[in-house]
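Read through the structure below, which is laid out as C-alpha cells, and then see the notes.
The values are calculated or read from the model by the stated rules, or taken from the named source; none is laboratory data. Computed from a predicted structure; not experimentally measured. For neighbour counting, all protein chains shown are included, and Cβ atoms are generated from backbone atoms with ideal geometry for every residue, glycine included. Please note that ligands, DNA and RNA were not included when accessible areas were found on the heavy atoms of the full protein model with its side chains. Shrake-Rupley method; radii C 1.70, N 1.55, O 1.52, S 1.80 Å.
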Amino acid sequence: MKKYDFLSKNTIYFIGIGGISMSGLAKMLNSNGKKVLGSDFKANKETKKLQKLGIKVFIGHNEKHITKDIDLVVYSGAIPKQNVEILKAKKLGIKTIERGKLLGLVAGDFENVIAISGSHGKTTITAMIGHMFSSANLNPTIHLGGNSLNFNDNTIVGGNKYFIVEACEYRNSFKYLKPDIAIISNIEKEHLDFYKSFRRIKKAFKNFAKRSKVSVCGQDVEIKKSLKLGVNWSAENIKTVKDGYTFDIYKCGDKYISIKLNLMGKYNIYNCLFAVIVADKYNIPKEIISHSFSTFKGVERRNEKIAKVDNCDIIIDYAHHPTEVKNSIEAFKERYEKILFVFQPHTYTRTLTLFDEFISVLKDVESLILYKTYPAREKEIMGGRSIDIHNNLINSKYFDDLDIIQKYLEDNLYNYHAVVILGAGDLAIDIKNFFSNK
C-alpha cells in the first residue's frame, strides 16, 4: 500500500478516536508507519483495540493533549467546533481536518474504490463485499461502520488495489469520495437535523453518484444513468430456511447464481444483490461468490444473537429508523412465535421528525418495551422522547433505569422465544454485557 502521500509529516491526533470510522482510520494510518494518538470522552471497545496496537488514547478532552509535535488533528462530525482540543490546535497553527475529508484523501491512494452508501443496509453490504473480495484472495482494504463478525474488526488493512469503504451521508461527509463504483441502496428521510429537507438529502446522494464512474442503485432511487436492482438484477425462487434464505439471482432475465444466505430478514436478500453486482463487475468466479455468502456471518449488532437463556434467544439489532424497525420486526416474526421487543429511540430530533412513522410501526407490536432515548449529541426535546412514544401507544411499557429493565428482562424471559433489543444507542451493549456475565 502507498504511504498516504498527502501526509507530509507523521504525527496525527484524532479527536473522537473511539468512533467506529475514526478508529478504523487510526488503524490504517498506524499500519502505514504514522504516529497515531487521540482522545475520546469515554473508553469503549474500539479504544481498547487501539491501545493494544500501541496507540496512545486519552480518555477525556484536554487542551494539554495537543502539543507542538503534532502535525495533523482529525476530528469527527460529532465533535463541536468549540472543543478545547480543536481550539488548542488552531492556536498552535496545527492543521485540522474533518474525518470525511481524511477518508477521501486516504481513498485517493487506491486503484479501485468501491463506496457503499444509502439510508439503510450500507454496513452489511460493505461487509458482504469485503468478505467476498477476501474469499477471492484479492487482498482488499476494508473500512466499515461496524464490526464484521467474519473479521472481528471494523477495518482490514490489505493492499492498495481495492478499497471497500462505507460512505456515510451524515453531514454530507461522503462528498469527499470519488469512487469507481458507488452503491446507493436506498434514500429516506434521515439526518434531517442536518439536511433540513428530504430534497437536500436526495441532492447529496445524486452528487455522490455523479462523482462515481459507475453507480448502482436500488430501483426506488431516482438517479439517471444508474444500474438498478429489479431492472437488470433480481432475486427469484426465495425460500425461507432456518435463520436465512435460499434464492436464485437473475441478471437481465437469465439465471446467474444460486445463493444460501445465513441471515434473517428479506432485506438482506436485497443487500446481497448489490454485493453480487460488484463481484460481477470485478469478474469474481461464481463459485467463490456462492461460497462467500454461505460463510458470511454478518455484522455486530445487526440481528446478532448474543445469548440463549431458558430457551429464549437474546438478540440485538441496530434498527433505529422506522423502516429499519419495521423490517426487523417482520424478520424476527418469520423465525419466532413469541417475541418481546425492546426499543431505544436514537436522538430526539429523529424521534420528533419521524414520530408518526414510529407510532405506525410500533402500535401493533404485541409485547413492547420503550427505553429512554439515547441522546447522542443532543439535548432533550419535548415530543421527541421515548416516553412520548409510550404515551401514544396502548401496548407498551416504559423504563428509564438500566437496572430495572435488566431485572424485568431476566424475570420474564421464560414467557418468550426471543427478546430483541432494537436501537443504535447504548442499551444493546449494556444488555449484551449483562447476559454475557450470567
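Only one of (1) buried (at least 17 other Cβ atoms within 10 Å of the Cβ); (2) assigned to a helix (DSSP H, G or I) fails for V420. Which number is that?
Among (1) buried (at least 17 other Cβ atoms within 10 Å of the Cβ); (2) assigned to a helix (DSSP H, G or I), V420 violates only (2).
Taking N137 and the conditions (1) free of Cβ contacts under 8 Å to residues at least 60 places away in the same chain; (2) part of a strand (DSSP E or B); (3) among the polar types (S, T, N, Q), which numbered condition does it fall short on, given that it satisfies the others?
Result: N137 fails condition (2) only.
Answer with yes or no whether A204 is of a type in the set (G, A, S) and either more than 13 Å from L273 (Cβ to Cβ) or assigned to a helix (DSSP H, G or I) (or both). Steps first, answer last, please.
Values: of a type in the set (G, A, S): yes; either more than 13 Å from L273 (Cβ to Cβ) or assigned to a helix (DSSP H, G or I) (or both): yes.
Against the criterion (of a type in the set (G, A, S) and either more than 13 Å from L273 (Cβ to Cβ) or assigned to a helix (DSSP H, G or I) (or both)), A204 qualifies.
How many residues does the range 375-391 hold that are in contact with a Leu (Cβ under 8 Å, 6 or more places away or on another chain) and at pLDDT below 95?
0
Please give the number of the condition K81 fails out of (1) under 24 Å from G146 (Cα atoms); (2) outside any strand (DSSP E or B).
(1)
Return the residues of the range 283-303 that are under 22 Å from the mean Cα position of the chain (by Cα) and open to solvent by 20 Å² or more (accessible area, probe 1.4 Å); say none if nothing qualifies.
Going residue by residue through the range 283-303, those that are under 22 Å from the mean Cα position of the chain (by Cα) are 292-303.
Selection gives S294, T295, K297, E300, R301, R302, N303.
Tell me yes or no: at least one residue of the range 306-324 is basic (K, R), outside any strand (DSSP E or B), over 17 Å from I164 (Cβ atoms) and in contact with a strand residue (DSSP E or B) (Cβ under 8 Å, 6 or more places away or on another chain). Before you say what the answer is, go through the steps one by one.
Start the filter on the range 306-324 by keeping residues that are basic (K, R), which leaves 308.
With outside any strand (DSSP E or B) added as a condition, the list becomes none.
For the range 306-324, residues basic (K, R), outside any strand (DSSP E or B), over 17 Å from I164 (Cβ atoms) and in contact with a strand residue (DSSP E or B) (Cβ under 8 Å, 6 or more places away or on another chain): absent.
Only one of K203, K228, K196, K260 is free of Cβ contacts under 8 Å to residues at least 40 places away in the same chain and either on the phi > 0 side of the Ramachandran plot or within 18 Å of the chain's Cα centre (by Cα) (or both); which? Give the derivation first.
Working: K203 fails: either on the phi > 0 side of the Ramachandran plot or within 18 Å of the chain's Cα centre (by Cα) (or both); K228 fails: either on the phi > 0 side of the Ramachandran plot or within 18 Å of the chain's Cα centre (by Cα) (or both); K260 fails: either on the phi > 0 side of the Ramachandran plot or within 18 Å of the chain's Cα centre (by Cα) (or both).
From the options K203, K228, K196, K260, the qualifying one is K196.
What number of residues within the range 399-416 satisfy the criterion of being under 27 Å from the mean Cα position of the chain (by Cα) and surrounded by 15 or more Cβ atoms within 10 Å (Cβ to Cβ)?
Pass one, the range 399-416, residues under 27 Å from the mean Cα position of the chain (by Cα): 399-402, 405-406, 409.
The next check asks that each one be surrounded by 15 or more Cβ atoms within 10 Å (Cβ to Cβ); those that pass are 399, 402, 405-406, 409.
Here the count works out to 5.
All but one of (1) over 19 Å from the mean Cα position of the chain (by Cα); (2) at pLDDT 95 or above hold for K81; state the number of the condition that does not hold.
Unmet condition: (2).
Every residue, every condition in (1) farther than 19 Å from E366 by Cβ; (2) in contact with a strand residue (DSSP E or B) (Cβ under 7 Å, 6 or more places away or on another chain); (3) touching a residue at least 12 places away in the same chain (Cβ under 8 Å), yes or no:
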| residue | (1), (2), (3) |
| --- | --- |
| K397 | no, yes, yes |
| L402 | yes, no, yes |
| Q406 | yes, no, yes |
| A418 | no, yes, yes |
| I431 | yes, yes, yes |
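Between T47, T67, which is open to solvent by 10 Å² or more (accessible area, probe 1.4 Å) and of a type in the set (V, I, T)? Talk me through it step by step, then tell me what you get.
On the way: T47 fails: open to solvent by 10 Å² or more (accessible area, probe 1.4 Å).
That would be T67, the only listed residue that is open to solvent by 10 Å² or more (accessible area, probe 1.4 Å) and of a type in the set (V, I, T).
Give the range 140-166 a look and list any residue that's open to solvent by less than 10 Å² (accessible area, probe 1.4 Å) and either part of a loop (DSSP other than H, G, I, E, B) or free of Cβ contacts under 8 Å to residues at least 40 places away in the same chain (or both), or say none.
P140, I142
Give the number of residues within the range 366-395 that are open to solvent by less than 20 Å² (accessible area, probe 1.4 Å) and assigned to a strand (DSSP E or B).
4
Look at L87 and say whether it is out of contact with any His (no Cβ under 6 Å at 6 or more places or on another chain), open to solvent by less than 20 Å² (accessible area, probe 1.4 Å), outside any loop (DSSP other than H, G, I, E, B) and on the phi < 0 side of the Ramachandran plot.
Details: out of contact with any His (no Cβ under 6 Å at 6 or more places or on another chain): yes; open to solvent by less than 20 Å² (accessible area, probe 1.4 Å): no; outside any loop (DSSP other than H, G, I, E, B): yes; on the phi < 0 side of the Ramachandran plot: yes.
It is false that L87 is out of contact with any His (no Cβ under 6 Å at 6 or more places or on another chain), open to solvent by less than 20 Å² (accessible area, probe 1.4 Å), outside any loop (DSSP other than H, G, I, E, B) and on the phi < 0 side of the Ramachandran plot.
Sort through K224, K228, K239, K260 and tell me the only one that's of a type outside the set (S, T, N, Q), part of a strand (DSSP E or B) and modelled with pLDDT under 95. Let's see the steps before the verdict.
On the way: K224 fails: part of a strand (DSSP E or B); K239 fails: modelled with pLDDT under 95; K260 fails: modelled with pLDDT under 95.
Going through K224, K228, K239, K260 in turn, just one is of a type outside the set (S, T, N, Q), part of a strand (DSSP E or B) and modelled with pLDDT under 95: K228.
Name the residues in the range 304-355 that are of a type in the set (D, E), under 26 Å from F151 (Cα atoms) and surrounded by fewer than 21 Cβ atoms within 10 Å (Cβ to Cβ), would you?
Initial filter on the range 304-355 (of a type in the set (D, E)): 304, 310, 313, 317, 324, 330, 334, 337.
Retained after the next criterion (residues that are under 26 Å from F151 (Cα atoms)): 304, 313, 317, 324.
Once the filter is applied, which keeps residues that are of a type in the set (D, E), under 26 Å from F151 (Cα atoms) and surrounded by fewer than 21 Cβ atoms within 10 Å (Cβ to Cβ), the range 304-355 yields E304, D313.
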